[in-house]
Each structure stands twice: as C-alpha cells, then as structure tokens.
Amino acid sequence: VGYEEVAKLALERCFFFPAAEIYGDALAGFWEYGPLGVSLKNRVVELWRREMVRRDGMLEVDGSVILPERVFAASGHLRGFADPVVECLRCGSVHRADKLIEQIIGALVPEKLSEKELDGLLEKNQARCPKCGGQLSKTRRFNMMFKLGVGAREAAPAYLRPETCQSIFLDFPRVFRTMRCKLPAALAQVGRSFRNEISPRQGLIRLREMIQAEIEIFFNPAKAGDYHKFRLVEDCELSIQPLDSSERKPFSCKQAVKEGLIANELIAYYMALLQQFYDKTGIPGSEMRYREMGAEERAFYAEQGWDLEVRTSLGWLELVACNYRTDYDLRGHARESGRDLAIMDEGKVLPHVFELSMGIDRTVYSIMEHSLTREKERLVLKVPPYLAPIQVAVFPLVNRKGLPDEAKRIHNMLRTSFDVFYDDSGSIGRRYRRQDEVGTPCCVTVDYQTMEDKTVTVRDRDTMLQDRTGVDAILGHIREKVSFPSG
Ligand SMILES: [Zn+2]
C-alpha cells in the first residue's frame, strides 16, 4: 500500500486534508488534522513522552512560536537558513536551484554549494523553467523564515520560529537552575514550526507549518565518552549507513562506538532510545536506517549528523535529524544577549548539545503507510492498538427489540475512558470494515443474547474472531487491549 492509498484514506476518513480547502487558491503546504488524525497524532506524541521524555527523565517546555529577531541573529538563521532559488524570466515561477539540478541529473546536489557553483551546474545541464520552458535567472538565496512585525507602532521585527529548539536554548539557564538539574540534562518540546518552503508537496511530507518534537541533550563534552546509561543499550542493534558507504549494516551500539562510527557513548545511547521508540510505533526496524550526513548535507549548525530515515513508497524519508550542535547555540545566544550561559559541572562549562529533532507529521504519515494493509476483502490499518484513533466501536446488531438502548448504554459507559464510536447503520459486516480501515482494535456488538444474559461479542481487528464477554467485563478487556506497553 502506497502514498496514494494513504492519502485517499486520509481524506475520506478525516485523518488529514488541505487547509482552507474550500478555496480554490488555498496556499500549498498547510494541512489540517481531522478528528481521527488528531487522535492518532496525540497518541504518537504521548508514546514519545512515555518512551523518550519520561523514560529518560527529560524536562518538557512549551515555548512561544514568535521570537524576536535577535534570537535568529544569534542562532544563525538570519544568514544561514536560506534556500538557493531561481526565478523564471518568462512566467515568474520560483524554483529551488538544487532541486532543479537534481531532477535533471538524477543525483543528490549538496545544499551547501555556492550560488556560483549552482549557476554553473544549471548552465551545464541547460536547465529551463519546468513550468513553461522559459529562461532562468541567476541563483539567489531566499530566507525561509516568516517575518512578522510585533506591535502597532514601529513594529519590532520578529519571526515565526523555523525550529522549536531555539526556545529550549533560551530557556535552558532558568530550567537548569530552578529544576535543580545536573549535566547531562535533556529538555524536550512539542510544537509548531514554520518554514516558507519554496515547493511544499505531498501532504504531510513537506509542510510550511509543521509539528516537531525536539529533544536537546546538554552535556559536558569532556564526559560524553563515558556515559553511565550506555550499558542499558550497548547491545541494542542499529541499522547504520556510514558516510563512505551506500549500504546500511547492523551494528550493536557497543560496536558502533568502538569502531568510531558514532562519536561517543552519550550520542549512541540517545540514538538507541530513539530507535526503541520507533520500534513501538509498528514501523518495522528493517525499514529504518541511520544515515550519516556528510559536511555538505548537514544543517549549518551541526558538526556531525545522523538522519533517522524510513523507507516508504516515496523513497527514503527523513523522520528525525540527530545533530551534534556542539556549543554553537549557547555560544551564539551568550554573545548576542551579553549573558553568561556557562554552568557549573566540576568547573565552569558551556554545555554541548546533541539534538533529536523529530517530524511528527511525517512520523504519523509513515506509521499509516506501514500499517495500512490490503487483505482479501478488506483494508486494515494495523497500527498498534495503543495508537488506534478509535479504541472501540459499539454496534447494535439490529435497530429494534431494545438492542439500540442497550448499545447506547454501553457506549455511554465506555466514552469517558476511551475514544468510542457508535454505529448503527448498514450491515454488521460493513460496520466492521469501516472500523478496520481506521484501525479500531475492538468492536463490541449487542445482539439478542445480550438481552437474555448480559453478554456481548467483542471482535478483534486482526484475527476477526469474536469472543463473548459479560457486559461488566468489557471495560477491563478494552483497557488491557489498548494500554501503552509497559517497561
Ligand atoms: Zn516559467
């Protein structure tokens, strides 16, 4: 099952759809989550909280999406967060220079090439406007941040944040002090980021407004080589594709650090934690890899980087950027703000940062693509039960003889504990199918026997088998089925 089928299901069952879709000229790159999408997304975020934030004792903040210009002067985004673009001299459409060349030569073009180098490649490959065939302008840099003016008079320059993590760097000194932290300390945040992408496309894959779940681990670089939590994951296997290789290979964390593939134990520990989170989303580990980023592919602030990627029908897709940002951000904010951001850790130290920057929208999409399964007669979203947007559906077998009243009574009993859907229309087989395609793990049916002995059937999504259970046992049965994995 590929992109088209996921997109169709998403529209028809209200997982996600374009923003302002009733307007024909709505902006590209902005998407809405409908009820089922919200539920799935919230459960993915909750799993992330369980498996990353709480499991590791991280602290979560929730920062402002609008920040003053000086923050982005310090972070380097004012200068560095710019895509190379060319304009069509005939139709005026704007295109990414590097992507145009990639389409022609069918290979990756490094983001860090200069405007001159890109112009050279455009000329060499005789690039023309893909829309009208017109001649193209010279390459220029286009900053992808959305600029705002704050206040009615003499509007202060500000920007929508292009990544959530700047708040974490700004908040770090206060959180560290008031929450009585010690190094290493990890701060986390889920929130929206905004990037004025030149060519947004493919639904949730490349957005202008996206949801990120970011984790910044602050540590003393002198101590990262010997990290006490490392033994918890040293045998954990990661699929790694080093820079000098075009293939991925399995490495235990221990092996990867020993061979110098991963810089230190602390970084390997967090890479393992992240893989273990994805293992619980239902995406098979065999479809994921850590790909090492070369100097030309890395973000401008990163000294070393790994992308955690997933194989999809659209090719390999980046889900999490893992960047070793060194002390780049704290150093920049210390300089720009004039504040000393060093802390005490057996002497004064400006912490280094390792970051796990997760795209929630892409993760939601990838979970859907990897769990959507076509079986003989049905389409089934085989997400782990704890991620299912609807946890239980309740049906009366027929709409008479008191069955609907009993079914509604059960629906009411369940709805304060679970996401429940009540359905009394169409054949029972059709109702099961409708729940299968959105991944509902249990369907409770009230039938004639219910009226005699207070039992219902509970039908399992994956086996399609039905069990008879007492009405008073349903709550416990479902709770067991949909609760998050422990440990
Ligand atoms: Zn054109």
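The values are calculated or read from the model by the stated rules, or taken from the named source; none is laboratory data. All of these numbers come straight from a predicted model, not from anything done at the bench. Neighbour counts are summed over all protein chains in view; Cβ atoms, including those assigned to glycine, are modelled from backbone coordinates with ideal geometry. We work out accessible area using only protein heavy atoms, side chains counted, and drop any ligands, DNA or RNA first. Shrake-Rupley method; radii C 1.70, N 1.55, O 1.52, S 1.80 Å.
Descriptive notes on the structure:
- When Leu89, Leu136 are checked against the criterion of being farther than 29 Å from Glu336 by Cβ, in contact (Cβ under 8 Å) with a residue 40 or more places away in the chain and touching a Gly at 6+ places or on another chain (Cβ under 7 Å), a single residue qualifies: Leu89.
- Count of residues meeting criterion [among the polar types (S, T, N, Q) and out of contact with any Ser or Thr (no Cβ under 9 Å at 6 or more places or on another chain)] in the stretch 451-467: 1
- Residue list for the stretch 117-152, filter: out of contact with any Pro (no Cβ under 8 Å at 6 or more places or on another chain) and basic (Lys, Arg): Lys124, Arg128, Lys131, Lys138
Okay, residues lined up against (1) part of a loop (DSSP other than H, G, I, E, B); (2) farther than 20 Å from Val175 by Cα; (3) at pLDDT 95 or above; (4) not hydroxyl-bearing (Ser, Thr, Tyr):
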{"residue": "Asp307", "(1), (2), (3), (4)": "no, yes, yes, yes"}
{"residue": "Ala321", "(1), (2), (3), (4)": "no, yes, yes, yes"}
{"residue": "Tyr324", "(1), (2), (3), (4)": "no, yes, no, no"}
{"residue": "Phe354", "(1), (2), (3), (4)": "no, no, yes, yes"}
{"residue": "Thr363", "(1), (2), (3), (4)": "no, yes, yes, no"}
{"residue": "Ser366", "(1), (2), (3), (4)": "no, yes, yes, no"}
{"residue": "Thr373", "(1), (2), (3), (4)": "no, yes, yes, no"}
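- Members of the stretch 22-38 found to be within 20 Å of Thr281 (Cα to Cα) and buried (at least 20 other Cβ atoms within 10 Å of the Cβ), listed by number: Tyr33, Leu36, Gly37
- Residue match in the stretch 141-155 (condition: within 15 Å of the ligand (Cβ to nearest atom) and touching a residue at least 24 places away in the same chain (Cβ under 8 Å)): no
- Scanning the stretch 380-400 for residues that are touching a helix residue (DSSP H, G or I) at 6+ places or on another chain (Cβ under 7 Å), open to solvent by 10 Å² or more (accessible area, probe 1.4 Å) and either in a strand (DSSP E or B) or more than 16 Å from Pro441 (Cα to Cα) (or both) yields a count of 1.
- Selection within the stretch 88-109 - open to solvent by 40 Å² or more (accessible area, probe 1.4 Å), more than 17 Å from Glu197 (Cα to Cα) and away from the ligand (no atom under 14 Å from the Cβ): Gln103, Ile104, Ile105, Gly106, Ala107, Leu108
- Filtering Gly80, Gly120 for residues that are open to solvent by less than 60 Å² (accessible area, probe 1.4 Å) and without any contact (Cβ under 8 Å) to a residue 12 or more places away in the chain leaves a single hit, Gly120.
- Checking Glu216, Glu237, Glu209 one by one, the residue that is open to solvent by 40 Å² or more (accessible area, probe 1.4 Å), closer than 30 Å to Phe16 by Cβ and within 24 Å of the chain's Cα centre (by Cα) is Glu209 and no other.
- Restricting Pro130, Pro173 to residues that are away from the ligand (no atom under 16 Å from the Cβ) and touching a strand residue (DSSP E or B) at 6+ places or on another chain (Cβ under 8 Å) narrows the list to Pro173.
- Of the residues making up the stretch 192-209, just one is among the acidic types (Asp, Glu) and part of a loop (DSSP other than H, G, I, E, B), namely Glu197.
- Residue count for the stretch 436-487 satisfying the condition of being in a loop (DSSP other than H, G, I, E, B) and of a type in the set (Asp, Glu): 3.
- Ser137 over 30 Å from Asn125 (Cα atoms) and of a type in the set (S, T, N, Q): no
- Of all residues in the stretch 112-127, those satisfying the criterion of being more than 12 Å from the ligand (Cβ to nearest atom) and either within 9 Å of Cys88 (Cβ to Cβ) or touching a strand residue (DSSP E or B) at 6+ places or on another chain (Cβ under 8 Å) (or both) are Leu113, Glu115, Leu118, Leu122.
- Candidates Phe230, Phe277: the one that is assigned to a helix (DSSP H, G or I) and closer than 24 Å to Val6 by Cα is Phe277.
- Residue in the stretch 430-449 that is under 22 Å from Ser371 (Cα atoms), over 32 Å from the mean Cα position of the chain (by Cα) and open to solvent by 10 Å² or more (accessible area, probe 1.4 Å) present: yes
A quick yes/no check of all residues on (1) out of contact with any strand residue (DSSP E or B) (no Cβ under 8 Å at 6 or more places or on another chain); (2) outside any strand (DSSP E or B); (3) within 19 Å of Met358 (Cα to Cα):
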| position | (1), (2), (3) |
| --- | --- |
| Ser167 | no, yes, yes |
| Leu183 | no, yes, no |
| Val190 | no, no, yes |
| Ile211 | no, no, yes |
| Phe218 | no, no, yes |
| Leu238 | no, no, yes |
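- Close pairs from the stretch 329-349: first closer than 18 Å to Gly76 by Cα and touching a residue at least 24 places away in the same chain (Cβ under 8 Å), partner hydroxyl-bearing (Ser, Thr, Tyr) and not in a loop (DSSP other than H, G, I, E, B), Cβ under 9 Å, at least 6 apart: Asp329/Ser75; Gly332/Ser75; His333/Ser75; Glu336/Ser75
- Looking across the stretch 77-87, the residues that are over 17 Å from Pro200 (Cα atoms) and either within 16 Å of the ligand (Cβ to nearest atom) or modelled with pLDDT under 90 (or both) come down to Arg79, Gly80.
- Output for the stretch 337-369, where each listed residue is closer than 19 Å to Ala299 by Cβ, open to solvent by 20 Å² or more (accessible area, probe 1.4 Å) and of a type in the set (D, E, K, R): Arg362
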